[in-house]
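Read through the structure below, which is laid out as structure tokens, and then see the notes.
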Amino acid sequence: MLHTNERILATLEIGQLNEMQITAQESILKSDSVLLVSPTGSGKTLAFLLATLQLLEEQINGTQCLILLPTRELAIQIEQVWKRMRTGYKVNVCYGGHSIDVEIKNLAQAPTVLIGTPGRILDHIQKRSFDTNAIKILVLDEFDKSLEVGFHEEIAAIIASIPNIEKRILVSATKSVEIPAFTGVKALDILDFSVPNAVNEKLSLKLVRTDDKDKFDILLRLLCSLDSEPALIFFNHRDATERAAQLLNKAGILTAFYHGGMDQDDRERAISRFRNGSINYLVATDIAARGLDISSIQHVIHYHLPKFENEFIHRNGRTARMHALGNSFIILSKEEILPNFIEADLESFIPPLDGALPNPPTYETIYISGGKKNKLNKTDIVGFFIQKGRLDKSDIQLIEVKDFMSFAAVKKNKVPAFLQAIKEQKMKGKKYKIEVLR
């Protein structure tokens, strides 16, 4: 099986690799232990996946590469990138909040690449769901975050159960991370592409001050000043995200919330609506600072500031990605002070008092109660929507097919007639629940 960077990049519709990706590939192929430090949004995932692909051996049956990471969102994102590369090698993803029985069935035919969170992967190792003997490549992605949230014991136990590791690849967006002995790294090749002092020339950092202790009114004014462009709004507490979303919706700004206490299905629903543009505002905790595959966020808003610089960097990394420009707004009340890791002489921004409410989204997300495991794909859904739902192809935006459900963005003004047209219709011979996602 011949794979070239040129073919993969053409498949992914990427023009060329950046300097970090080229250097990382070369280092991973020649060194046994590599630490890659590069900012969020710089393309680290593609860098280590391209190198991993060159190291796989077609004649070996079994799992050859294990990728560990701290969140299910990042796990799903990396799985999607691998599938888009069309390598021909099987990949599976395992994470908590997902049926372990379904995962065990998927692992019965060993994937070449296995991606997962430490707790769930350790569960599978203890259940002997897959054989670790063929694993020769270990990737610890967002390694700093995994340690920060306390996965030390799980990662140590996993590594101890893999007898034949030849390559150890550690990936982080920040360089302030100590490498524990249990990783087994030796003669570490450190590739430091971090941005000095966390400065990103494409990112505009602005301070929004208010004399009120309750900052909601200034948040509302700020959102009304952003030309209806998408914004990710960070809070430090789960209940605060839910309250803020409720208040924004009540004020006439369509908003969803997103935090680690939600069921996985609910998290996927919220992210899908934000990704496809059927909502433009998402209030979230720091779980949204890493691992989400959302390319067009113009604005990041810090309603609450994080305690640590690393999280501030990751939050800001959701905007001004690759070649795009972006804004990061810090909302500060009279009683609050900036932490030491943020420069005091920031540009001030005063939202106008008379800003109009953002324009409502032009798309609505349609939920379908079937997915990959029901043998549905994007082509099936598009064909059904056009033939039975009487839509034009231009009426349909992003379609996402999950294991047991799918989401499709449809122009809002076409939705009522579409739902009426497909009311009694079957897709591939089966009746699915199809409705507006709320």
Query raised in the report: Are any residues in the stretch 402-436 surrounded by fewer than 19 Cβ atoms within 10 Å (Cβ to Cβ), aliphatic (A, V, I, L, M) and either part of a loop (DSSP other than H, G, I, E, B) or in contact with a Gly (Cβ under 7 Å, 6 or more places away or on another chain) (or both), and if so, which ones?
Result: Ala421
Query - In the stretch 291-325, residue surrounded by the fewest Cβ atoms within 10 Å (Cβ to Cβ) [restricted to those that are under 17 Å from Phe274 (Cα atoms) and among the polar types (S, T, N, Q)] - result: Ser295
Query raised in the report: Between a first residue in the stretch 324-339 that is over 17 Å from Glu309 (Cβ atoms) and a second residue that is part of a loop (DSSP other than H, G, I, E, B) and charged (D, E, K, R), which pairs have beta carbons less than 6 Å apart while being 6 or more apart in sequence or on different chains?
Result: Leu325/Lys202; Ile331/Lys215; Ser333/Lys213; Ser333/Lys215; Lys334/Asp211
Report task. Kindly indicate which of Ile422, Ile337, Ile342 is outside the structural domain of Gly277 (by TED's automatic domain parsing) and among the β-branched types (Val, Ile, Thr). Result -> Ile422
Requested in this report: For Lys136, indicate whether it is farther than 23 Å from Glu73 by Cβ, in contact with an Asp or Glu (Cβ under 9 Å, 6 or more places away or on another chain) and surrounded by fewer than 17 Cβ atoms within 10 Å (Cβ to Cβ).
Outcome: no
**Report entry** Breaking point among (1) at pLDDT 90 or above; (2) under 20 Å from Asp293 (Cβ atoms), for Gly62
**Finding:** (2)
Report task. Those residues that are of a type in the set (D, E, K, R), surrounded by 14 or more Cβ atoms within 10 Å (Cβ to Cβ) and within 20 Å of the chain's Cα centre (by Cα), I need them from the stretch 1-46; list them, please. Result -> Lys44
Report task. Go through the stretch 142-254 and tell me which strands (runs of 3 or more DSSP E), entirely inside it, have 1 or more residues that are polar (S, T, N, Q). Result -> 167-172, 203-210
Query raised in the report: Somewhere in the stretch 131-138, is a residue modelled with pLDDT of 95 or more, out of contact with any Phe, Trp or Tyr (no Cβ under 8 Å at 6 or more places or on another chain) and not in a loop (DSSP other than H, G, I, E, B)?
Result: yes
Query raised in the report: When you go through Lys393, Lys402, Lys378, Lys388 one by one, which is the residue that is of a type in the set (Lys, Arg) and either more than 28 Å from the chain's Cα centre (by Cα) or in the same structural domain as Leu220 (by TED's automatic domain parsing) (or both)?
Result: Lys388
Query raised in the report: For the stretch 231-245, which residues satisfy the criterion of being out of contact with any Leu (no Cβ under 8 Å at 6 or more places or on another chain) and either crowded, with 21+ Cβ neighbours inside 10 Å or closer than 17 Å to Ser278 by Cα (or both)?
Result: Phe234, Phe235, Thr241, Ala245
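For every residue, the table says whether it meets (1) at pLDDT 80 or above; (2) within 28 Å of the chain's Cα centre (by Cα); (3) closer than 19 Å to His302 by Cα; (4) surrounded by 14 or more Cβ atoms within 10 Å (Cβ to Cβ).
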| residue | (1), (2), (3), (4) |
| --- | --- |
| Ser176 | no, yes, no, no |
| Pro180 | yes, yes, no, yes |
| Thr183 | yes, yes, no, yes |
| Lys186 | yes, no, no, no |
| Phe193 | yes, yes, no, yes |
| Val199 | no, yes, yes, no |
| Arg209 | yes, no, yes, yes |
Query raised in the report: How about the stretch 265-283: which of its residues are crowded, with 16+ Cβ neighbours inside 10 Å, closer than 25 Å to Asp403 by Cβ and more than 13 Å from the chain's Cα centre (by Cα)?
Result: Arg269, Arg273, Asn276, Gly277, Ser278, Ile279, Leu282
Query raised in the report: Using beta carbons and a limit of 8 Å, which pairs, at least six apart or on different chains, have the first residue in the stretch 39-57 and in contact (Cβ under 8 Å) with a residue 24 or more places away in the chain and the second one among the basic types (Lys, Arg)?
Result: Thr40/Arg290; Thr40/Arg318; Thr40/Arg321; Gly41/Arg318; Gly41/Arg321; Leu55/Lys136; Leu55/Lys167
Report task. Select the strands (runs of 3 or more DSSP E) contained entirely in the stretch 290-397, then report the ones holding at least 3 residues which are hydrophobic (A, V, I, L, M, F, W, C). Result -> 326-333
Requested in this report: Can you tell me which residue within the stretch 112-128, out of those that are buried (at least 21 other Cβ atoms within 10 Å of the Cβ) and part of a loop (DSSP other than H, G, I, E, B), is farthest from the chain's Cα centre (by Cα)?
Outcome: Thr112
Query raised in the report: Considering only residues of the stretch 58-99 that are of a type in the set (A, V, I, L, M) and either on the phi > 0 side of the Ramachandran plot or part of a helix (DSSP H, G or I) (or both), which is farthest from the chain's Cα centre (by Cα)?
Result: Met85
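The values are calculated or read from the model by the stated rules, or taken from the named source; none is laboratory data. Computed from a prediction, not measured in an experiment: that's the story for all the values here. Reconstructed Cβ throughout: ideal geometry from the backbone, glycine too, with neighbour counts over all protein chains shown.
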